[in-house]
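The values are calculated or read from the model by the stated rules, or taken from the named source; none is laboratory data. Everything numeric here is computed off the predicted structure, so don't read it as measured data. When we count neighbours, we look across all protein chains shown, and the Cβ atoms used for this are built from the backbone with ideal geometry, even at glycine. The protein model used for the area step is the full one, side chains on, heavy atoms only, and it has no ligands, DNA or RNA in it. Shrake-Rupley method; radii C 1.70, N 1.55, O 1.52, S 1.80 Å.
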Amino acid sequence: MLENKSGIIMGIANNRSIASAIATHCYRNGAKVGYSHLPDSSGKMKSRVEKVVQPLEPVFLEPCDVNSDASLEAFFNQAKQSMGKIDFLVHSIGFAPLEDLRCDTIDTSREGFKVALETSAYSLIAVANKARQILKPGGSILTLTYLGGERVIEGYNLMGIAKAALEAAVKYLAVDLGGENIRVNSISAGPIKTLAASAISDFSKMCSINADMAPLGRNTDAEEVAKSSLFLLSELSSGVTGENMHVDCGYHIVGSPKKGCIEKWSKTDSSATHP
Ligand code: NAP
């Protein structure tokens, strides 16, 4: 699906990252890909990402902190040098300070809000701005979001606000870049156990409720998200932009628990997973 295509993937932390599964699928489908890692003086971040991408024959692996304009500039200059023009970019990045994520939304600090919104939402705008210079017409930008940006999901709190901003940014960027035939879309993934997800309180409860209530009766995984990413990154989705595609086993369409859920939840003890 991506034969003779090249792109950039940002947001690999380890082999459980959603971006790692996307990278593997891009590789298997013929794409040549350059990667980013968070800069650090110890070299730990680089070697963590290297372990994942090494078998995927990376075009390059360079540092990039999306909260630094200088870092973005250097990264995209390197990308231009190594790859020339590219066909796609994956932005799989999110962060909020733990203390602001774990408190009630009403107690969010000003600084925590700024950090979360800058890293998780503004970064897409900053990255798209740089990527625009090297994306070919027909190119595709993809980011990752979660249902907590559309509805209140207990425990998601500040990240929900950041995801709402990210999803709005997808639509506005789709308009800005549409004239250049560059598409911008998001995938709203169901809960998947990753490093970022471990910061969400009651994440296991979220997974359990999701599996019980989703039409498919289970949780999704990074592989399924990666397969849908291939569609949005490839020419198969040439008419799709500004879209938020849910890869969550259908959980987002459900308004009330399915038959059997209430019975199941009432049979379990009081510490169990009923909402
Ligand atoms: P992950 O493996 O922890 O990936 C998050 C990535 O963001 C990490 O590589 C992290 O780098 C990077 N990052 C954070 N701050 C950054 C910065 N300033 N500059 C550059 N990179 C930065 O977790 P994931 O679950 O795959 O998350 C990927 C995306 O999917 C996120 O946007 C997340 O909100 C979204 N998502 C996740 C789920 C889920 O259930 N897991 C569901 C829906 C959507 P370091 O680790 O090196 O700090």
Any hit, region 251-273, residues being assigned to a helix (DSSP H, G or I) and either touching an Asp or Glu at 6+ places or on another chain (Cβ under 6 Å) or acidic (Asp, Glu) (or both): yes
Count of region 119-137 residues which are touching a Lys or Arg at 6+ places or on another chain (Cβ under 8 Å) and more than 14 Å from the ligand (Cβ to nearest atom): 4
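Please specify each residue of region 223-247 satisfying the condition of being among the charged types (D, E, K, R) and open to solvent by 50 Å² or more (accessible area, probe 1.4 Å). Lay out the reasoning, then the answer.
If we filter region 223-247 for residues that are among the charged types (D, E, K, R), which is where we start, we get 223-224, 227, 235, 243.
Those that are among the charged types (D, E, K, R) and open to solvent by 50 Å² or more (accessible area, probe 1.4 Å): Glu223, Lys227, Glu235, Glu243.
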Checking Val170 against (1) more than 11 Å from the ligand (Cβ to nearest atom); (2) outside any helix (DSSP H, G or I); (3) open to solvent by less than 10 Å² (accessible area, probe 1.4 Å); (4) of a type outside the set (Phe, Trp, Tyr), the condition it does not meet: (2)
Residue among Ser42, Ser20, Ser36 that alone is under 16 Å from Ala222 (Cα atoms), within 15 Å of the ligand (Cβ to nearest atom) and polar (S, T, N, Q): Ser20
Leu124 being closer than 13 Å to Ser186 by Cβ, without any contact (Cβ under 8 Å) to a residue 60 or more places away in the chain, open to solvent by less than 40 Å² (accessible area, probe 1.4 Å) and touching a His at 6+ places or on another chain (Cβ under 6 Å): yes
Residues (touching a residue at least 60 places away in the same chain (Cβ under 8 Å) and either open to solvent by less than 20 Å² (accessible area, probe 1.4 Å) or within 11 Å of the ligand (Cβ to nearest atom) (or both)) located in region 184-208: Asn185, Ile187, Ser188, Ala189, Gly190, Ile192, Lys193, Thr194, Leu195, Ala196, Ala199, Ile200
Subset of region 217-249 (residues that are β-branched (Val, Ile, Thr) and more than 15 Å from the chain's Cα centre (by Cα)): Val240, Thr241
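Yes/no per residue for (1) in contact with a Phe, Trp or Tyr (Cβ under 6 Å, 6 or more places away or on another chain); (2) at positive phi:
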| position | (1), (2) |
| --- | --- |
| Ala226 | no, no |
| Leu233 | yes, no |
| Leu236 | no, no |
| Thr241 | no, no |
| His246 | no, no |
| Gly250 | no, yes |
| Ile253 | no, no |
| Pro257 | no, no |
| Trp265 | no, no |
Residue match in region 72-86 (condition: within 14 Å of the ligand (Cβ to nearest atom), at pLDDT 95 or above, in contact with a strand residue (DSSP E or B) (Cβ under 7 Å, 6 or more places away or on another chain) and of a type in the set (Val, Ile, Thr)): no
When residues of region 29-45 are limited to those that are farther than 25 Å from Ala116 by Cβ and either touching a residue at least 12 places away in the same chain (Cβ under 8 Å) or touching a helix residue (DSSP H, G or I) at 6+ places or on another chain (Cβ under 9 Å) (or both), the one most open to solvent (accessible area, probe 1.4 Å): Lys32
